[in-house]
Every structure is written in C-alpha cells, then in structure tokens.
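Working notes, structure below.
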Amino acid sequence: MGNDVIQQGENKPEVRKKYVLKKRDAVKTDYKVDYEGELNPAQFSAVISKEGPILVIAGAGSGKTKTLTYRVARLIEDGTNPANILLLTFTKKAAHEMLSRAALVLDNRCEKVAGGTFHSFANIILRKYAKLLKLKNNFTILDKTDCEDIINHIVGQMFPKKEKRFPKKSTILEIYSKSVNKETPTKQIIHEEFPQFEHCEDKIIEIHKAYVTYKRENSVLDYDDLLLYVKLLLENNEDLRNQISNQYKYIMVDEYQDTNTLQADVIKLLASKHNNIMAVGDDAQSIYSFRGANYRNILDFPKLFKNTKIIKLEQNYRSTQNILKLTNKIISQAKESFSKTLFSNIQSPVVPALICAKNTQMEADFICQRILELLEENISLSDICVLARNARMSYSLEIELSKRAIPYQKFGGPKFMETAHVKDIVAHLRVIINPDDVISLNRILLLLKGVGSSTVNSVIPIIKGQLNPDIKLLPSKKVDSIMPMLRTLERLNSKISTKKPSEIVEEIITYYRPILKDKYDDFSKREKDLDHLQYLSTQYSNLEDFISDMALEPPDSSVEGMYKRNSDDEALTISTIHSAKGLEWDSVFIIGAVDGRFPSAYSFNSEEEMDEELRLMYVATTRAKNNLYISYPVDMYDYARQMVLSKPSRFLDNIPDEILEHWDITEEC
C-alpha cells in the first residue's frame, strides 16, 4: 500500500482520521566488510553514523584515518553514489591514501569519491563557474613568493620613499592573509598582532586594495582568493549553492581543528541543504594559529551545527600506557577542551623521563649517548626523532652528531617550487596558459640577454594578453632577444589541447637549458630538478591541472636535497614540533624544554597563546611509541629579558615520579 491513505470511521465523517503508512527502510545486513569486527566501538559508532552533523574527537594515535576510510566504504555499501561523497583533507596525499585504503577495504568504487584539499576543491569549482564572479577560468594560482613580488611592485609604485619602520613585503602579505582567513578587518589585525605598524596602517590598507585590484586585472589568484571566491560564489548564487550541496550529500573533513574561519564558512555553505557533515579532528592538536587556524572552529562546531552527535576516539594504538599517562596529565591543564582520556593496551615498564642537563652541550652529549644505546637495543636510527620548539634549538646537537658521525636529516631544506630555476620553467608554462599573467611574463623577460627592467616596463603593455604582438611596436634593439621566446610560447599555446603536458614541459626545458647554463654556475645540480619536474608532468593529461597542482600541492624539497643520502641509509630525524604533527617514532627526544623557551616567554601574557603552547607539548609527547625523553639545560641565557632560564617547562610541574621520572645529569661528564 506504500503511501496510500487509509481512512477509518467511514460511517462518521465528522471524526474521520487519515493515516499515512510509509515503507520502513530495509535494514541492510549483507555487508561485504565486517565493520563491527574490525573497528573498536567508538570507531564503529562513527562509521555507521550517517545523517546529520557528527563531530569525531579523534585523540592522537586513535585511528582516525581508519575511521574515515571505513566510513567511505560503509556509505558506498549503503548505496550512496561515490560522486555524492566529498572528502576534504589538508594534503592531496592524505586524501589519496584514505581513498586507496577504502578501495582495499571494499572495492575501487571508493576511488571515485571526490577527495582533495580545500584549495584544490575550490580551484575546480572556480574554474567551472568563473563567469559568475566575472573571472577568467584560465586564472593563474600564485605561490607565496609570487604574491610578495606583487606586493613589492605595488609598494615601489605607490610609496617609492618608504618610512624607516615600514613592514617588509612578507609582513604586508601576512597581514592581508590573516585578514582574509580570519574574516577580520585589516586595522584590527594590525592592532592585535602588528601594533608596531599602526603608524602606517592607512598605507598598508591602500596597498591591500591595490593588491586586490592588480590580481583582478591580471587574472591571477592567491591561495586565500580560492577560498574567498568560493565562499562568495556560494553565498551569492542560491541555485548553484543548492545544486552543489545536493551533489555532495555526505561531507567529511579531516583535521578540522586546523581549519580557519573562511574554511568553516565554506563547509557550512556546502552542507546547507542537508547538514550531513562529519568533522574529524582533535582540539588538543590545534597548533597552527600562526597560519590562521581557528581553534574555536572545532570547539564551537556543536553550536554551529545544531543536534551534533559527538563521538570520542580514545583508544590509542601508538603509544604505551605509561606515555599516555603523561600526555593525559599534560593536556588536562587546558583551559577549554573536549574532555577525553587516552588509553592503550600496549604495556611497558619504561616510564618517560625528564632530564636536567648542565648546559646545551651536556644535553647534546646525553642525547647522542642515549641514541647509541638505543641502537644497541636494535632500534633503528630512522625510528628515532629529536623534536625542538624551533629549528635554532638543535644547533648544538647537530654539531655533536656530526662529531660522532651519526647521520641525521633535518626537516626543511630548499622547497622545490621555490628554487629559482624551477620557478623560471613554471613561469613560462603559466604564460602559455594565461598570457595575462604579468608577474610570470616579467620574470621570463628578465631572463633574456640585454633585457632589463626599463625594457620590460615598455614591452609588457605591448605583449600582455597576446603572444604574437605587432613586432613594429617592440624596441628595435630588443626584437632579436624577445621574439624567439614569444614565438615558442605562442606555438605551444596553440597546441595546449593536442600536446601532452610532458611534451610542452620538455620543449620549454629544452629552450631554457642554455639560459640555465649561462645564469647558474651550479647548473648541473639544478638540471636534476628540471628532470624531476619533467617526470612529474608525465602524471598529468592537462597542463592547467599540472600547474595548479604544483601551486596547491608543491613537492617538499629540491631533488638535490632529496637525494643527498641513499634511500637505504638510515638517519636520525631532527624536526620542529609543528613539522612532526601526524608522524610517529619509536623513541622521541624533546630538547630545550626550559620555561621561557617552551612555553615561549612571548606567550606568558596571553591565555590563548599559552594554551596553544600546551597543545604543542601534547603533540610532541604523543609522537613517541615506546621511549620518551624530555630534556632541559639549566643555564640557557635569555638575551631579551637578560636572565638565565633554568626551570623545566611549567607544563611538567607537579607530575608524579611514577608518571615522569626525573634524571639529573648535571654532575656527569
């Protein structure tokens, strides 16, 4: 009968009642995957929760990736079209890994789920609906150095005689980015975070306005624009917003604690038709406020989405119970958080240790000696890590490691996409796609012999937007330098749809090699990067996608940095805590844990900043599986405050010896 109306009391119309019988949804029981058997109760609860807003508080090492992976599989087994699922992560690699794992759990339907970063998703949407925002869909995506170059150009044009205490281009860009991501007026950002520049705030605001205009006129967008324009697109086009929201009926966001205000707004708009949003994250691991992340996003999620179901993943699969006793003690000091207690079935008699050293040299000696002892216990050098509050704090240790011939790798090094020669190639490719890209055009013109700034300034208005200008309009003395390059770019522009990206990249590299050899003495080393860029391009069928991904998900290091050591060689890892988030090692050393350095003295007067420092300590301690050592020197001099720092981090105060052993090595050696 389905939706047929059943009427009772036919002889008494005045009391007639209508009953609508609806078919009850069939309960599916024949799942290919044994979800309940392969997940713990909290994970299983998250996986089978389908409708409405869900907040999963995933403690460190609690299997959040597994939970997201199995939920993708479960949704598909329940009959959801993979194209109706959106998985947003903070790296392309994370999305690919989750969907690949889901495919192994279920089948290859999982790989058809829409997955990627916020910025890559925004890029796809904007290129499709650019006209609604009066944008060209061949816009170029700028990286940080491109943006700084534009800022520098604008400052030079508007204020050629700068004041003595005028912010650098990087600071002006940072103020702009924070204003956009936090959705806060520039004046307020300057007042709260850059008060030293309040005297020139009007000029900074003028520069920001000119920066926005410049990007519009030249069809270029920065990272922040991608999110900002998607928000505007969804806010101002109700039909499109409803269409996209109906397209993505189930939305999952990983690392929700790292989202900024703008990202949270975009999520709210995407889920506007159904509120089927699952946010997965850990408020205790929110440590990126300096990048614009808003800690309140995860705390206020239940307020933003009414009737939120909160699920806590508390079973840890990484660390021993003894390490978790310490981490639970540390995070319990947080002023505001979702309460949780991590527990583990991994038992060990080893207790974390707090080591007091006479100075940084003795601290380094101890760490080197303990590393050698761990190696004798058959712990791999690659499974040992030294974490520091900032990169400078490991200098003494690096010297000692070198003396003892202990190989190590330090997170960082030259960024692949920031190396000058790679940026040169990418600039050529950008102009092929978008002849309006003045920044890239400026860069490649300056590579030509005999072409300087004055020539570029006179040539760009002639060339902009067209790669086949009237040759008579160009400076006669410069034609022989400029035209071969323009002809190469014009020819490749006409073949974008017929040539593979790798073929176009190969032609540009061939054209560029003489320039590389002429410009750089170490060109042979740099050529390896060009070969690597060529290899990366073979993985794409569309040049625009290749260039966009290189901007949105750039490779970490230059090839020279990646191949310094044979991949089979083991090496100790030295890393800042921020860079280590999401990673794990058997044995972890946290160095320089002296009050005033960790937490930083600059955070003492701010409750919010102090809480973030606490979360940073929590992240550091939860990286360890079996051995955890926290050390501090007692004679660290603070030049800013002109005093000796000698006490251990206040985050470790009043922790019982049975949870944190105290070792004093000040009298040794």
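Side notes on the structure shown:
- Of the residues ASP283, ASP300, the single one that is under 29 Å from the mean Cα position of the chain (by Cα), under 30 Å from ILE125 (Cβ atoms) and open to solvent by 30 Å² or more (accessible area, probe 1.4 Å) is ASP300.
- Being open to solvent by 40 Å² or more (accessible area, probe 1.4 Å), free of Cβ contacts under 8 Å to residues at least 24 places away in the same chain, of a type outside the set (A, V, I, L, M) and not in a helix (DSSP H, G or I) is a description that does not apply to LYS128.
- For segment 556-614, a residue qualifies if it is at pLDDT 90 or above, in a loop (DSSP other than H, G, I, E, B) and either over 29 Å from ASP365 (Cβ atoms) or acidic (Asp, Glu) (or both), and the qualifying residues are GLU584, ASP595.
- Sub-7 Å Cβ pairs linking a first residue in segment 490-510 that is assigned to a helix (DSSP H, G or I) to a second residue that is hydroxyl-bearing (Ser, Thr, Tyr), at least 6 apart or interchain, are PRO501/SER537; PRO501/TYR540; SER502/SER537; SER502/THR538; VAL505/SER537, ordered by first then second residue.
- Positions within segment 94-105 being among the hydrophobic types (A, V, I, L, M, F, W, C), modelled with pLDDT of 90 or more and buried (at least 16 other Cβ atoms within 10 Å of the Cβ), in sequence order: MET98, LEU99, ALA102, ALA103, VAL105
- Leading residue by the ranking (most open to solvent (accessible area, probe 1.4 Å)) among those in segment 267-280 that are out of contact with any Asp or Glu (no Cβ under 7 Å at 6 or more places or on another chain) and either over 22 Å from LEU68 (Cα atoms) or not in a helix (DSSP H, G or I) (or both): LYS273
- Among residues of segment 173-220, those that are hydrophobic (A, V, I, L, M, F, W, C), over 24 Å from the mean Cα position of the chain (by Cα) and under 30 Å from PRO461 (Cα atoms), counted: 4
- Segment 468-489, subset in contact (Cβ under 8 Å) with a residue 12 or more places away in the chain and of a type in the set (A, V, I, L, M, F, W, C), residue surrounded by the fewest Cβ atoms within 10 Å (Cβ to Cβ): ILE471
This table checks each residue for (1) on the phi > 0 side of the Ramachandran plot; (2) in contact with a helix residue (DSSP H, G or I) (Cβ under 6 Å, 6 or more places away or on another chain); (3) open to solvent by less than 60 Å² (accessible area, probe 1.4 Å).
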{"position": "ILE330", "(1), (2), (3)": "no, yes, yes"}
{"position": "PHE338", "(1), (2), (3)": "no, yes, yes"}
{"position": "PHE343", "(1), (2), (3)": "no, no, no"}
{"position": "ASN359", "(1), (2), (3)": "no, no, yes"}
{"position": "GLU377", "(1), (2), (3)": "no, no, no"}
{"position": "LEU381", "(1), (2), (3)": "no, no, yes"}
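- Filter result for the condition that a residue is closer than 27 Å to GLU418 by Cα and outside any helix (DSSP H, G or I), over ASN152, ASN137: ASN137
- Failed item in (1) in contact with a Cys (Cβ under 7 Å, 6 or more places away or on another chain); (2) open to solvent by less than 20 Å² (accessible area, probe 1.4 Å), with ALA353 passing the rest: (1)
- Within segment 525-538, the set of residues being open to solvent by 70 Å² or more (accessible area, probe 1.4 Å) and not aromatic (Phe, Trp, Tyr) comprises LYS525, LYS528, ASP531, THR538.
- Looking across segment 344-361, the residues that are among the aliphatic types (A, V, I, L, M) and assigned to a loop (DSSP other than H, G, I, E, B) come down to ILE346, VAL350, VAL351.
- Restricting segment 347-404 to residues that are of a type in the set (Lys, Arg) and farther than 26 Å from ILE287 by Cβ, the residue that is modelled with the lowest pLDDT: LYS403
The values are calculated or read from the model by the stated rules, or taken from the named source; none is laboratory data. Nothing here was measured: the structure is a model prediction, and the numbers come from that model. Positions of Cβ are backbone-derived with ideal geometry, glycine not excepted, and every protein chain shown enters the neighbour counts. These accessible areas exclude ligands, DNA and RNA; they are computed on the full protein's heavy atoms, side chains included. Shrake-Rupley method; radii C 1.70, N 1.55, O 1.52, S 1.80 Å.
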